[in-house]
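**Q** One structure, as structure tokens, below. Some questions next.
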Amino acid sequence: MKFTKLLLTIAFQLTFISLVFSNEINEEILDDQLEVSDLMKAFDVTTIDFDELNLDHYLYKDATAQPLKEVFLGPASTPKLFYFDFSNVSEEEYFLNIDFGMIRKLNVKIIQDTTEVEYHLGTNQIHSFIDYFEPYVGYIIPLPKGKAKVVIGIDGDDNTVMTNFFITKKEFLSKQSNEIKYNNNILKSITTFQALMCFLMFIVLRKNIILFCFMNIVGLTLFTETQSLIFYNYIPNETLLYVFRLIGNNTYTLFTLLLYMSIYPPLKYKKQIIIVSLVLTSINAVLLTFYTFVGLDVKVFSLILTIYNISVGQLFIFTAMTLCLLNMLKTPNFWNIGIFTIQSFLYGIIGIFISSPSLGLSSRMSNESTASYYINLIQILFFIILIIYKFIKDEQIRKSIQLSIYEIRDKTNTALIEGEMKEREKIGNKLTKNISENLKVLTNTNNNDLDTKTLEKTIFAVRSLSHQLLLPNFEEDEFEDIMLDLLMKHNTEKISCFMHLKEWENVQVTVQQHIYRLIQEILIYLEERECSGSLFFNFTQEELLGDFSIEWSSTNENTEQIFAFLSKAIRYRIIAIDGQFSEDIKSQNYFLNLTGIDLSGQQEKDALI
């Protein structure tokens, strides 16, 4: 049934039209549209100025022709001449469609027996579009009735000129143009909505990842709109057309990389990658600025800029995909595998249908502009899904951190209460054992028999206890000065104290107080047990986090038991400081290391926001 229908269609078309292309095909059936790229003869020429070319040599004599499939139309391609024979004996009107618009110089000449019509098209020459075909991307030339030779000269001045050639019926072309206009308007509206939504979300939330998504939309849209010549209709500046096309490509690839770097956990070499990316982009910006003033006529510079832009873009894409691959291999969950698979598929589609034709490696697809809008839409939707997932995941982490902070606060409060009870117990013991006994002795002694040594000892004990209970004013005095004063008081012949402090700025008063009490208790503890040795205190800071370590090197034979008891006594202080700690107790040495101390309290504030 299908074969019969096909035969009837062919018979019907034969009554209307007959086409002859060169000498290779005697007859071709044309329904609504026919791609004639493979039916044309192609020649390498030095110019496409028909007044300077001897067209008879190419059209009627034995010039060396080559199939269009073997002709390179990518960057650095030389001027090309194409032609085919056309015969229309029907009443239908047909048009020649050259579907790629960014061709610098395009000359079309239609030769009949007595007449010749020449069109000067391309972004570098005077050109015009037929109004009712305006949405159609590329160039549309009306074909005459009867027999004619159609000659096409293309010169991209070292820029990509890969294009397809179609012969299309007027009614079909008009219908196709309306469909393209309708589809493109819908896709543009959705893209505009996505861009507006991202922009407003960035204004409200102030999240860089949303800005990166917005810039991705800008880059994709800029590339698509310039390549389809829509941008050129509003700003008829040829140099800006090519400059904005390159800017669109670089913007998309750069912010795709930055977006993925924001989605995944912090990288070891994140700063280095950002610096290299910004340097490459800055070089590109300088070259594009220079290119804007020099123009497209400097072919060598134009070629270098194109190659550099493509290379940098591919480097950004490769880095982004490497990041996706490494995260997938490190954590092979459903989400990471999905991201790598979908983004690889999207890059593959972009490479096949957009990048490859731009490099002259494959032919363009029909209605490339509409396909580009669809690809852009899918890519942006995918990015938005990633951002939503990122926000959900971050919210879960934030809640988990909040719970951890509440737990730490509970432990800290419990430790502080226990510490306070121990402080009171220690003060009570000192008052009972030392001061009370001395006072009792003094009370039972007559004034004439007053023991001066006992009195001095009592006064010293009371003064020492009061000094221990009194905290320095950390809000007015420097932490380093306070610590030096404390160590000097306890620096004796038996105990030698050393301190190294680097930065340690903007530290919470409570953290300073806990560390002060911790060191004070260790020093008093060692003095009361008549230990001898050296104490080393080290304070370092990196951004908002601080590290604090204590190292005791004893000259006594065995202090392991002493420090085992000390470790329990100061544990509440360590918990109150709120950092990761490790201890190492040996026969004559004790090492305590506290890391990740939130010096400013900013991390806790950020987690609670």
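**Q** Suppose we filter THR224, THR251 for residues that are touching a Gly at 6+ places or on another chain (Cβ under 8 Å), of a type outside the set (Asp, Glu) and modelled with pLDDT of 90 or more; which single one remains?
**A** Sole residue among the options that is touching a Gly at 6+ places or on another chain (Cβ under 8 Å), of a type outside the set (Asp, Glu) and modelled with pLDDT of 90 or more: THR251.
**Q** Shifting gears a bit: State yes or no: is LYS207 over 30 Å from MET328 (Cα atoms), basic (Lys, Arg) and open to solvent by 40 Å² or more (accessible area, probe 1.4 Å)?
**A** It is false that LYS207 is over 30 Å from MET328 (Cα atoms), basic (Lys, Arg) and open to solvent by 40 Å² or more (accessible area, probe 1.4 Å).
**Q** Quick one: what pairs do we get from the range 262-290, first residue closer than 16 Å to LEU325 by Cα and of a type in the set (Ser, Thr, Tyr), second at pLDDT below 85 and surrounded by 11 or more Cβ atoms within 10 Å (Cβ to Cβ), C-beta under 8 Å, 6+ apart or different chains?
**A** Short answer, once both residue conditions are applied: SER262/LYS390.
**Q** Moving to a separate point now. Taking the range 316-334, which residues are in contact (Cβ under 8 Å) with a residue 40 or more places away in the chain and either open to solvent by 60 Å² or more (accessible area, probe 1.4 Å) or under 12 Å from the mean Cα position of the chain (by Cα) (or both)?
**A** Within the range 316-334, PHE316, ILE317, THR319, ALA320, LEU323, CYS324 meet the criteria.
**Q** Separate question: Of the residues ILE354, ILE349, ILE385, which is assigned by the TED database to the domain that holds MET215, part of a helix (DSSP H, G or I), surrounded by fewer than 18 Cβ atoms within 10 Å (Cβ to Cβ) and of a type in the set (Val, Ile, Thr)?
**A** Checking each option against the conditions leaves just ILE349.
**Q** Regarding ILE203, is this residue at pLDDT below 90 and farther than 24 Å from ARG245 by Cβ?
**A** Considered against the rule, which asks whether it is at pLDDT below 90 and farther than 24 Å from ARG245 by Cβ, ILE203 comes out as no.
**Q** I'd like the residue in the range 89-126 that is of a type in the set (Phe, Trp, Tyr) and part of a strand (DSSP E or B) and, out of all such residues, is surrounded by the fewest Cβ atoms within 10 Å (Cβ to Cβ).
**A** TYR119
**Q** Can you report the number of residues in the range 367-400 which are within 20 Å of GLY219 (Cβ to Cβ) and either free of Cβ contacts under 8 Å to residues at least 40 places away in the same chain or of a type in the set (A, V, I, L, M) (or both)?
**A** Going through the range 367-400 one residue at a time, the tally reaches 10.
**Q** Of the residues LEU296, LEU288, only one is open to solvent by less than 50 Å² (accessible area, probe 1.4 Å), in a loop (DSSP other than H, G, I, E, B) and aliphatic (A, V, I, L, M); which?
**A** Matching residue, one of LEU296, LEU288: LEU296.
**Q** Do you know which of the residues in the range 19-75 that are under 21 Å from LEU173 (Cβ atoms), of a type in the set (A, V, I, L, M, F, W, C) and in a strand (DSSP E or B) is modelled with the highest pLDDT?
**A** LEU34
**Q** Could you tell me which residue of the range 586-608 is farthest from THR510 (Cα to Cα), considering only residues that are modelled with pLDDT of 50 or more and assigned to a helix (DSSP H, G or I)?
**A** GLN603
**Q** Another question about this same structure. So for the range 174-191 (the condition being open to solvent by less than 70 Å² (accessible area, probe 1.4 Å) and aromatic (Phe, Trp, Tyr)), does at least one residue qualify?
**A** no
The values are calculated or read from the model by the stated rules, or taken from the named source; none is laboratory data. Small disclaimer: the values here were computed from a predicted structure and weren't measured. With ideal geometry, Cβ positions are generated from the backbone for all residues, glycine too; neighbour counts draw on all protein chains shown. To get the accessible areas, we keep the full protein, side chains included, count just its heavy atoms, and leave off ligands, DNA and RNA. Shrake-Rupley method; radii C 1.70, N 1.55, O 1.52, S 1.80 Å.
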